[in-house]
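Written out below as structure tokens is the structure these notes cover.
The values are calculated or read from the model by the stated rules, or taken from the named source; none is laboratory data. This structure is a prediction, so every number in the text was calculated from the model and none was measured. Note that each Cβ is placed from the backbone with ideal geometry, even for glycine, and that neighbours are counted across all protein chains shown. For accessibility, only protein heavy atoms count, side chains too; no ligands or nucleic acids. Shrake-Rupley method; radii C 1.70, N 1.55, O 1.52, S 1.80 Å.
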Amino acid sequence: MPELETIKNELLPHIVNRHITGVTLSWEGIVRQPSVEEFCSCLKGQRITDVNRRGKYLIFSLTSGEALVIHLKMTGSLLLRSASAEPDKFIRAIIHLDKEAGLYFRDPRKLGVMWLVENTNSIIGKLGPEPLEAGFTPQILAQRLTNRTAPIKALLCDQGFIAGIGNMYADEALFAARIHPLRLGKSLCPDEVKRLHDAIQQVLWSAIKDKGASVDTYFRPGGELGTAHFEFKVAHRLSGKFCPNCGTPIERIVVRNRGTYFCPKCQTEKA
Ligand SMILES: [Zn+2]
């Protein structure tokens, strides 16, 4: 999510009030809804009135009242380039803007998706709370953990439980809170819930300050990299690297299909 928040923040001053002059698709599978023809013809001529983020979705509000919703998935980036920029082979779509500019959707693995919808609820309606909003308190987190029997790592990555925390940030938050990733949600005591709540916010704010983590193919809209990954304590470390707190080798396990890094000494199994 810090990557999406960065993209939103950096696009906002450049694309609000800009007109969409056309759409070029080199990979039609990127459009989920409506049909490709409708998608392109409805976007053309519209003005972008606002850009927001909800969870890992970017939402571009349009003059028609519709919204262009984009999910970049694992390898997508949105690059703001001049209209004369030569698209590289991973550019799947270009949303052409006035003043000789274009929003280039780059996505090596072709996982990203775009929707044009009248009501965003069908896409974002089931997302959990935003972890950086004022309404997300330790009490809310405690409430949501009640009776949850899934490992806390899996819950943090579950977008319906809480929105926008990716795999790496879940590992970092659990490390900062000194909580083992396999602890069951309902087993956390109030002190641990408070630590986890604070760790989630601290880890996300810090990564937003560093403009996101460029561990994979993430670029900022201007093409620059984020630097948040340089601050990672456990995430994306190879197992066997050492815990910066205690020197114990970091371990890797798989929790519900997600590679998970943690320190077996600092993040103990028991409460
Ligand atoms: Zn440690």
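So residue 72 clears everything in (1) in contact with a Gly (Cβ under 6 Å, 6 or more places away or on another chain); (2) of a type outside the set (Gly, Ala, Ser); (3) open to solvent by less than 60 Å² (accessible area, probe 1.4 Å); (4) more than 26 Å from residue 212 (Cβ to Cβ) except one condition, right? Which one? Condition (4) is where residue 72 drops out. I need the full set of residues from segment 188-218 which are in a loop (DSSP other than H, G, I, E, B) and surrounded by fewer than 19 Cβ atoms within 10 Å (Cβ to Cβ), in order please. Correct list: 189, 210, 215, 216, 217.
Being in contact with an Asp or Glu (Cβ under 7 Å, 6 or more places away or on another chain) and surrounded by 14 or more Cβ atoms within 10 Å (Cβ to Cβ) is the requirement here; does residue 81 meet it? Against the criterion (in contact with an Asp or Glu (Cβ under 7 Å, 6 or more places away or on another chain) and surrounded by 14 or more Cβ atoms within 10 Å (Cβ to Cβ)), residue 81 does not qualify.
From the list 176, 163, which one is touching a Leu at 6+ places or on another chain (Cβ under 9 Å), among the hydrophobic types (A, V, I, L, M, F, W, C), at pLDDT 95 or above and part of a helix (DSSP H, G or I)? Working first, answer last.
Numbers: 163 fails: part of a helix (DSSP H, G or I).
After ruling out the rest, the residue left standing is 176.
Within segment 217-256, the residues that satisfy the criterion of being closer than 21 Å to residue 154 by Cβ and in contact (Cβ under 8 Å) with a residue 60 or more places away in the chain are 232, 233, 234, 235, 236, 253, 255, 256. Looking across segment 216-271, the residues that are touching a strand residue (DSSP E or B) at 6+ places or on another chain (Cβ under 8 Å), within 13 Å of the ligand (Cβ to nearest atom) and more than 30 Å from residue 79 (Cα to Cα) come down to 241, 242, 243, 248, 249, 250, 251, 261, 262, 263, 264.
Taking segment 156-201 as the range and being of a type in the set (Phe, Trp, Tyr) and more than 21 Å from residue 216 (Cβ to Cβ) as the test, only 161 passes.
Among the residues of segment 99-149, what is the count of those that are acidic (Asp, Glu) and either open to solvent by less than 30 Å² (accessible area, probe 1.4 Å) or under 25 Å from residue 35 (Cβ atoms) (or both)? Steps first, please.
Of all residues in segment 99-149, those acidic (Asp, Glu) come to 100, 107, 118, 130, 133.
Narrowing further to those that are either open to solvent by less than 30 Å² (accessible area, probe 1.4 Å) or under 25 Å from residue 35 (Cβ atoms) (or both): 107, 118, 130.
Result for segment 99-149: 3.
State whether the residues of segment 172-187 include one that is hydrophobic (A, V, I, L, M, F, W, C), more than 14 Å from the ligand (Cβ to nearest atom) and open to solvent by less than 40 Å² (accessible area, probe 1.4 Å). Checked segment 172-187: at least one residue is hydrophobic (A, V, I, L, M, F, W, C), more than 14 Å from the ligand (Cβ to nearest atom) and open to solvent by less than 40 Å² (accessible area, probe 1.4 Å).
With respect to (1) closer than 30 Å to residue 58 by Cβ; (2) surrounded by 15 or more Cβ atoms within 10 Å (Cβ to Cβ); (3) more than 16 Å from the ligand (Cβ to nearest atom); (4) not hydrophobic (A, V, I, L, M, F, W, C), the lone exception for residue 160 is condition (2). Scanning segment 89-98 for residues that are surrounded by fewer than 17 Cβ atoms within 10 Å (Cβ to Cβ) and farther than 24 Å from residue 19 by Cβ yields a count of 1. Annotation: of all residues in segment 35-52 being touching a residue at least 60 places away in the same chain (Cβ under 8 Å) and out of contact with any Pro (no Cβ under 8 Å at 6 or more places or on another chain), the one that is surrounded by the fewest Cβ atoms within 10 Å (Cβ to Cβ) is 38. Restricting attention to segment 227-242, does a residue exist that is modelled with pLDDT of 95 or more and open to solvent by less than 60 Å² (accessible area, probe 1.4 Å)? No - not one qualifying residue is present in segment 227-242.
Among the conditions (1) assigned to a helix (DSSP H, G or I); (2) at pLDDT 95 or above, residue 168 misses just one, which is (2).
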